[in-house]
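Structure first, commentary second.
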Amino acid sequence: MSLERTLSIIKPDGVARDRIGSVYDRFERAGLRIVAARMLELSRAQAESFYAVHQKRPFFQSLVAYMTSGPVMVQVLEGEEAVQKNRDLMGATDPAKAAPGTLRRDWGESIERNLVHGSDSPANALCEIAFFFGEIDVFSRTPR
Ligand code: ATP
Ligand code: MG
């Protein structure tokens, strides 16, 4: 077991539908502690940069439009195996294919409007945390 941090985003559909508290409740029940959080609206350039890995995909422009359509809630989660644990809580990208009891199955609207983002590897988690937060913003709540 290893103590990790991961980056989570509640996407514009989740914020607009007042799901922040419900999503945080799932994190805390699973042992993922919120150690930094901020609400912001992504600019087009920021959304394009964050999802740059998908820039050649047919859904890229639509994804950027969606991610800039309203405020998002961004948080750093800390806990044992936090990256995989958060991915498990989220479920598959397409809510229709996500397992019962996952965030996307319960509250995702479509393969694009799928409620949450989570880092997909510890290395990407480090990059994504640094995209949104400075060292001083991230609190450590777990003794090391
Ligand atoms: P995320 O990176 O947001 O945590 P993910 O890792 O499950 O999600 P990715 O393959 O990285 O999925 O896709 C990034 C995002 O692009 C998805 O979360 C979704 O919002 C959107 N997306 C992915 N595939 C499609 C698709 N086929 N059609 C429309 N939007 C898509
Ligand atoms: Mg991804």
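General remarks:
- Kirkwood Rh (inverse of mean 1/r, distinct Cα pairs), segment 5-137, angstrom: 14.7 Å
- Charging the Cβ of each Asp and Glu at -1 and of each Lys and Arg at +1, and nothing else, the dipole of segment 11-144 about its Cα centre rounds to 180 debye.
- Surface accessible to a 1.4 Å probe, per residue, for the residues of segment 1-121, Å²: 48 Å²
- Between 71, 100, 12, the residue with the greatest mean-square fluctuation in the GNM of the chain (Cα pairs under 10 Å linked by springs) is 100.
- Contour minus Cα-Cα distance for residue 123 and residue 140 (0.36 nm per residue): 4.2 nm
- Stretched out straight at 0.36 nm per residue, the stretch from residue 29 to residue 88 would grow longer than its current Cα-Cα span by 19.9 nm.
- Heavy-atom surface analysis with a 1.4 Å probe gives segment 12-144 a carbon and sulfur content of 52 percent of its accessible area.
- Separation between Cα centres of segment 1-37 and segment 85-144, rounded to whole Å: 7 Å
- Hull volume in cubic angstrom per residue (convex hull over the Cα atoms of segment 9-76): 95 Å³
- Neighbours of residue 67 by Cβ distance under 15 Å: Lys/Arg scored +1, Asp/Glu scored -1, total -2.
- Total formal charge among the other residues, if their Cβ is under 10 angstrom from that of residue 12, Lys/Arg +1 and Asp/Glu -1: +1
- Ordering 27-37, 52-62 by mean Cβ neighbour count within 10 Å, with the highest value first, yields 27-37, 52-62.
- Summing charges over all other residues whose Cβ lies under 13 Å from the Cβ of residue 91, with Lys and Arg as +1 and Asp and Glu as -1, gives +3.
The values are calculated or read from the model by the stated rules, or taken from the named source; none is laboratory data. Given the structure is predicted, the values throughout are model-derived calculations rather than measurements. Note that we place each Cβ from the backbone using ideal geometry, even for glycine, and neighbour counts take in every protein chain shown. Each accessible area value is taken on the protein alone, full model and side chains, heavy atoms only, with ligands, DNA and RNA left out. Shrake-Rupley method; radii C 1.70, N 1.55, O 1.52, S 1.80 Å.
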